[in-house]
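What follows is a short report on a single structure.
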Amino acid sequence: MRNNKGFTLIELMIVVAIIAILAAIAIPAYQDFTIRSKVAEMNTNAAVCKTSVAEYYQTKGVMPADETVAGCTTTGTINSVAPLVADGVVQVDANGDLATQLTANASGLSLYMAPYCGAGAGAACAADGSDGDITSWNCTSDAGTDITAKYLPAQCRL
């Protein structure tokens, strides 16, 4: 009597099929994760400029007209262009590979951060500073963000 050792062809095919199914699930999830992490970098780039806008508003009592007046950085990152400011609203656009990935996934490219002032949550700040300090920032689609929600940080998906 002969004793065979090793795997049969059917057993090997089953293992290959299981690996293929797992890869089919894991690869899209990984791609979404990498896009989300790059969008988070855009959020960080905007956060630096948010601080400059808030300082300007606190000291001058008016919103800065542009990024130069606000004192924002003029340097972008590998995934985003330098932040732009228009009347206190910070805009960061995707760049490079991130822009390509977002476009391929039918997403917009812009992240906006709008300041909210006063006691009423969700109240846009008056340009003349008459409604108090900046109390929060809005980065949802209400502020103009057009990046697909699944790629945004949690605070921007509301």
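No lab work stands behind these numbers, since they all come straight from the coordinates. Predicted, not measured: the structure shown is a model, and the values here were computed from it. Methodologically, a virtual Cβ is constructed for each residue, glycine included, from the backbone with ideal geometry; neighbour enumeration extends over all protein chains shown.
The figures follow:
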| read-out | value |
| --- | --- |
| Output for the stretch 66-94, where each listed residue is surrounded by 19 or more Cβ atoms within 10 Å (Cβ to Cβ), closer than 16 Å to residue 43 by Cβ and over 15 Å from the mean Cα position of the chain (by Cα) | 72, 85, 89 |
| One residue from 48, 62 being assigned to a helix (DSSP H, G or I) and either of a type in the set (A, V, I, L, M, F, W, C) or in contact with a Phe, Trp or Tyr (Cβ under 8 Å, 6 or more places away or on another chain) (or both) | 48 |
| Any hit, the stretch 145-155, residues being closer than 19 Å to residue 33 by Cβ, touching an Asp or Glu at 6+ places or on another chain (Cβ under 9 Å) and not charged (D, E, K, R) | yes |
| Criterion violated by residue 3 - all others in (1) without any contact (Cβ under 8 Å) to a residue 40 or more places away in the chain; (2) within 28 Å of residue 113 (Cβ to Cβ); (3) of a type outside the set (Val, Ile, Thr) satisfied | (2) |
| Any hit, the stretch 26-40, residues being over 23 Å from the mean Cα position of the chain (by Cα), farther than 30 Å from residue 135 by Cα and among the aromatic types (Phe, Trp, Tyr) | no |
| Test: residue in the stretch 19-40 that is surrounded by 13 or more Cβ atoms within 10 Å (Cβ to Cβ), within 22 Å of residue 155 (Cα to Cα) and touching a strand residue (DSSP E or B) at 6+ places or on another chain (Cβ under 9 Å) | yes |
| Every residue from the stretch 41-65 that is hydroxyl-bearing (Ser, Thr, Tyr), crowded, with 17+ Cβ neighbours inside 10 Å and over 20 Å from the mean Cα position of the chain (by Cα) | 56, 57 |
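The rows are residues; the columns are (1) touching a residue at least 60 places away in the same chain (Cβ under 8 Å); (2) touching a helix residue (DSSP H, G or I) at 6+ places or on another chain (Cβ under 9 Å).
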residue: 7; (1), (2): no, yes
residue: 26; (1), (2): no, no
residue: 35; (1), (2): yes, yes
residue: 55; (1), (2): no, yes
residue: 68; (1), (2): no, no
residue: 84; (1), (2): no, yes
residue: 104; (1), (2): no, no
residue: 109; (1), (2): no, yes
